[in-house]
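Shown next, in structure tokens, is the structure this report addresses.
The values are calculated or read from the model by the stated rules, or taken from the named source; none is laboratory data. What you see is a predicted model, and the numbers here were worked out from it, not measured in a lab. We place every Cβ from the backbone using ideal geometry, glycine too, and count neighbours over all the protein chains shown. Quick note on the areas: whole protein, heavy atoms, side chains included, nothing else; ligands and nucleic acids left out. Shrake-Rupley method; radii C 1.70, N 1.55, O 1.52, S 1.80 Å.
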Amino acid sequence: MNIKPLADRVLVKPAAAEEKTVSGIIIPDSAKEKPLKGEVIAVGNGTKDEEMVLKAGDTVLYGKYAGTELELEGEKYIIMRQNDVLAII
């Protein structure tokens, strides 16, 4: 992959949506919720005011409406600011 986020942005690959509930009920595609966790693929260098805390390979939680979705080479990604990340798992 040849994407390098700029400044305080990170590129995240969302985790796959759950296929079934804990009790075993299969969830159809139309009812699946957008996953709120993913793996950091690439990070920027940070800004002069805020250093980059995240690194490639981190699993993170992010807000429901965080970032911008994009598709590259058939894969879906989200690019967001480091501030949109809520926690590292």
**Complete:** Within the range 7-16, the residues that are under 20 Å from Glu73 (Cα atoms), open to solvent by less than 50 Å² (accessible area, probe 1.4 Å) and in a loop (DSSP other than H, G, I, E, B) are Ala15
**Message:** Of everything in the range 20-38, what is in a loop (DSSP other than H, G, I, E, B) and under 13 Å from Val85 (Cβ atoms)? Give them in sequence order.
**Reply:** Leu36
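For the range 60-89, how many residues meet the condition of being without any contact (Cβ under 8 Å) to a residue 40 or more places away in the chain and either within 15 Å of Pro5 (Cβ to Cβ) or of a type outside the set (Asp, Glu) (or both)?
Residues that pass the stated criteria total 13.
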**Fill in**
Filtering the range 42-89 down to residues that are on the phi > 0 side of the Ramachandran plot and of a type in the set (D, E, K, R) yields Glu73
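For every residue, the table says whether it meets (1) part of a loop (DSSP other than H, G, I, E, B); (2) open to solvent by 60 Å² or more (accessible area, probe 1.4 Å).
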{"residue": "Pro5", "(1), (2)": "yes, no"}
{"residue": "Glu18", "(1), (2)": "yes, yes"}
{"residue": "Val40", "(1), (2)": "no, no"}
{"residue": "Lys48", "(1), (2)": "yes, yes"}
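Filter the range 1-22 for residues that are farther than 19 Å from Asp58 by Cβ and modelled with pLDDT of 80 or more and give the result. Break it down stepwise before answering.
Going residue by residue through the range 1-22, those that are farther than 19 Å from Asp58 by Cβ are 2, 17-22.
Of everything in the range 1-22, just one residue is farther than 19 Å from Asp58 by Cβ and modelled with pLDDT of 80 or more, namely Asn2.
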